[in-house]
Amino acid sequence: MPEVYVAAGSNVAPEENLARAVAELAREFPGARFSPWYRNRAVGFEGDDFINLVTGFSTALPVRRVLERLHAIETACGRGRAAPRWAPRTMDLDVLLYGDLVCHEAGLELPRPDLLKRAYMLGPLAALAPEVVHPVAGLTIGGPPTRSSRSPADAATPIHRENLACDIRRRGGEEHAGARHILGGAEALQRRAGGDLRL
C-alpha cells in the first residue's frame with residue numbers, strides 16, 4: 001500500500017481545529033502517525049499565525065478517495081469549499097506525497113509542487129519521515145546536502161517554528177507552561193535552493 005503524507009494547518013481556533021482533525025484522521029486512517037506541531041507566519045496574506053503538522057499513513061484507497069475523505073474532515077472543521085485560496089483557514093489538508101505517484105491532473109498535482117519550498121510543510125515532514133525520497137527531485141527529505149545536490153531543507157522559506165506538542169495547558173486560570181523546540185538543522189532553512197534544484 002502506498003504511504004501517504006498530508007499537511008494539516010489552521011489559523012482559526014487552530015489548536016481546537018487541529019485536535020479535531022487529528023482525531024478524524026486517526027479514525028479514517030488507522031495507524032496514522034503525526035509530526036510535532038509548529039507555529040508559522042501566514043503565507044500569501046496578512047493574518048494570524050498558522051499551526052501546522054504533517055500526518056503519514058498507509059492506505060489502499062485510491063488518491064481521489066483519500067481526497068474525498070480529507071475534504072470531509074475539512075468540512076467537519078468548518079471550512080467552506082468556496083473560500084478564497086489566500087485567506088484564513090479553519091482547516092487545510094493537502095496531500096504532499098502519495099507513494100511515488102507523479103500526477104498532473106485538474107485539482108491534483110503530486111508531489112505537492114511547492115513541497116520543497118515551504119518550510120511549514122517540509123519541516124514537519126522531515127521530522128516525521130526524514131528517510132522519504134522526493135519522487136521527482138530524488139532528494140531525501142531529511143538528508144544532508146551532497147556535492148551534487150542540496151538538502152531539501154535548503155529550499156524552504158525561512159519561518160519561525162514553534163513545537164506545540166509538549167505544551168501543558170491547565171484550564172480555569174491556572175498556570176500555563178510550554179516547551180519550545182526548533183527543528184534540528186534550522187540554519188539550513190535560512191538558505192534558498194539554487195539552480196541545481198529543478199522540479
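The values are calculated or read from the model by the stated rules, or taken from the named source; none is laboratory data. Remember, it's a predicted structure, so these values are computed and weren't measured experimentally. Ideal geometry is used to build each Cβ from the backbone, glycine not excepted, and the neighbour counts take in all protein chains shown.
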Has the range 117-127 got any residue that is surrounded by fewer than 20 Cβ atoms within 10 Å (Cβ to Cβ), of a type in the set (Gly, Ala, Ser), within 20 Å of GLU3 (Cβ to Cβ) and at pLDDT 90 or above? no
Residue check, GLU105 against (1) without any contact (Cβ under 8 Å) to a residue 12 or more places away in the chain; (2) in contact with a strand residue (DSSP E or B) (Cβ under 9 Å, 6 or more places away or on another chain); (3) closer than 27 Å to HIS134 by Cβ, all met but one. Which one? (2)
Which number in (1) outside any helix (DSSP H, G or I); (2) in contact with a strand residue (DSSP E or B) (Cβ under 8 Å, 6 or more places away or on another chain); (3) in contact (Cβ under 8 Å) with a residue 12 or more places away in the chain; (4) under 23 Å from VAL133 (Cβ atoms) marks the one condition that PRO113 misses? (2)
How many residues of the range 85-106 are of a type outside the set (Ser, Thr, Tyr) and not in a strand (DSSP E or B)? The answer is 11
Does GLY31 satisfy the condition of being part of a strand (DSSP E or B), at pLDDT 95 or above and over 18 Å from ASP114 (Cβ atoms)? no
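Every residue, every condition in (1) part of a strand (DSSP E or B); (2) over 13 Å from LEU93 (Cβ atoms); (3) among the aromatic types (Phe, Trp, Tyr), yes or no:
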{"site": "TYR5", "(1), (2), (3)": "yes, no, yes"}
{"site": "ALA23", "(1), (2), (3)": "no, yes, no"}
{"site": "ASP48", "(1), (2), (3)": "no, yes, no"}
{"site": "PHE57", "(1), (2), (3)": "yes, no, yes"}
{"site": "LEU67", "(1), (2), (3)": "no, no, no"}
{"site": "ILE73", "(1), (2), (3)": "no, no, no"}
